[in-house]
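Step one of this worksheet: look at the structure below.
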Amino acid sequence: MIEPGKVVKKGSESQELGAPGGVKLLTAIVCGLAFGFLLQKGGVAKYNVLIGQLLLQDFTVVKIMVSAIVVGMVGIFTLNRFAKVNLHLQPTRLGAQTIGGLLFGIGFALFAYCPGTGAVALGQGSWDALFGMAGLVAGCWLYAELSGWLKKTVETWGECGRMVIPDLFKIPRLPFAYVTAILLVIGLFILQRAFPR
Amino acid sequence: MKVTFRISLVLMVLLRAPAGAADFGVNATNYDGGAWSPYVVGAGIGVLSWLTFYFADKMIGVSSFYATLAGFIGKLFARRHTESLPYFQNHQPTADWAFIFVTCTIIGGFIAAWTGGEFRNEWLHPMWRDRFGENSLALRMVVGFVGGVFMAFGARLAGGCTSGHGISGTLQLNAGSWLTVACMFLGGIGTAMLLYTVL
């Protein structure tokens, strides 16, 4: 029995610096290419599709995200259960994530692309993505400038550490993931009926 | 989870009316959508997450790419100051896994657009032009840049973007990721509706 969430493969805990080599490099290249390819084919590098989601006229974004979550969740929890992959859990910080999420949302509505789809939009020749990408770099810099202060203030508010939803209810992770996946699929069926696009 | 599901059901019912009734001046579905089914694309991204976890011990995340870029530029102009910032001490700007991944994402987007006959080569999307006028490039520039700043700051504060939290974090049932995503859409929907009603 593997303790869920514990490191099951070596090398996860050590902070790697510098360029990756070998299999990791190949994975970055192949998966990066495929990720961009799929996002473009899904239409989520198009201004109207992204803004349409936020205006609740076009539900392509939610459909893609939820199906990625369903497929990803079933696979990752199964692989983790058999000690094939590590989970990579970001700590839960109620204050920083509420404020950060809201700020991100405001930016999302203004820029219309998110960091990933903005990169794809650039590849697709939607040059307006460049303005927002410049803003993203500037915003990262602004955060870095304030990072010392933010670490001591906002990022300590509601600090909960690593928190996995099934653990909160003391339910085993794998069955919880499967049931969640089924519920999300049902949700997608209802969504598709309500919003064909 | 059940709660989230129920809330989303209620939301869906509530939003059906305003989505049709609210007047934003344009309808997003009048412009072309995705070439492939969203379910095929989503499932494909799910499989990609298996591969990155298994072969590279990494999760898909994009926003740190821009932080690395900011670090590169910072080091070019003010090396010592950049190295003194706590964020860059913990995340040294190097061409790391995520940086290579996102660089390839741009190329992948280009390949898909080019082979699919969807390479756009345009500064303003038709929907933006229909809503804000033909000569609104300056407005788009300002709105896009300011949006980018908000977005990056929010992503760094929350610890990820629509990829890192929205897909990779949520699929691991990470509580903070579900919270972040809910707040992202809340802020986004509110701002977009305001923008398209007022501006």
Worksheet item: Which of the residues spanning the range B:73-95 are more than 7 Å from chain A (Cβ to nearest Cβ), within 30 Å of residue A:72 (Cα to Cα) and either in contact with a Leu (Cβ under 9 Å, 6 or more places away or on another chain) or part of a helix (DSSP H, G or I) (or both)?
Response: B:90, B:93
Fill in: Selection within the range B:104-115 - over 12 Å from residue B:60 (Cα atoms) and facing chain A (nearest Cβ under 7 Å)
B:104, B:106, B:107, B:108, B:109, B:110, B:111, B:112, B:113
Worksheet, complete the sentence: A careful count of residues in the range B:40-72 that are surrounded by fewer than 24 Cβ atoms within 10 Å (Cβ to Cβ), over 14 Å from residue A:29 (Cα atoms), facing another protein chain (nearest Cβ under 7 Å) and among the aliphatic types (A, V, I, L, M) gives 3
Worksheet item: Can you spot a residue in the range A:162-173 that is assigned to a helix (DSSP H, G or I), farther than 16 Å from residue A:100 by Cα and touching a strand residue (DSSP E or B) at 6+ places or on another chain (Cβ under 9 Å)?
Response: yes
Item to complete: Can you work out which of the residues in the range A:150-197 that are more than 8 Å from chain B (Cβ to nearest Cβ) and of a type in the set (Gly, Ala, Ser) is farthest from the chain's Cα centre (by Cα)?
Response: A:158
Discussion item. For the structure I just gave you, tell me whether residue A:132 is within 7 Å of another protein chain (Cβ to nearest Cβ), closer than 20 Å to residue B:189 by Cβ, surrounded by fewer than 20 Cβ atoms within 10 Å (Cβ to Cβ) and not polar (S, T, N, Q).
Written reply: no
Response to the item:
residue B:152 meets each of (1) touching a residue at least 60 places away in the same chain (Cβ under 8 Å); (2) more than 7 Å from chain A (Cβ to nearest Cβ); (3) within 22 Å of residue A:140 (Cα to Cα) with one exception, condition (2)
Practice prompt. For residues that are over 11 Å from residue A:117 (Cβ atoms) and free of Cβ contacts under 8 Å to residues at least 24 places away in the same chain, scanning just the range A:54-75, find the one that is surrounded by the most Cβ atoms within 10 Å (Cβ to Cβ).
Written response: A:68
Discussion item. Here are the criteria: (1) under 22 Å from residue B:32 (Cα atoms); (2) part of a helix (DSSP H, G or I). Tell me which single one residue A:134 does not satisfy.
Written reply: (1)
Worksheet item: Which of (1) of a type in the set (Lys, Arg); (2) touching a Ser or Thr at 6+ places or on another chain (Cβ under 9 Å); (3) surrounded by fewer than 24 Cβ atoms within 10 Å (Cβ to Cβ) does residue B:79 not meet, given it meets every other one?
Response: (2)
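No lab work stands behind these numbers, since they all come straight from the coordinates. The model shown is predicted, which means the values in this text are computed figures rather than measured ones. Please note: Cβ atoms are built from the backbone with ideal geometry, for glycine as well, and neighbour counts cover all protein chains shown.
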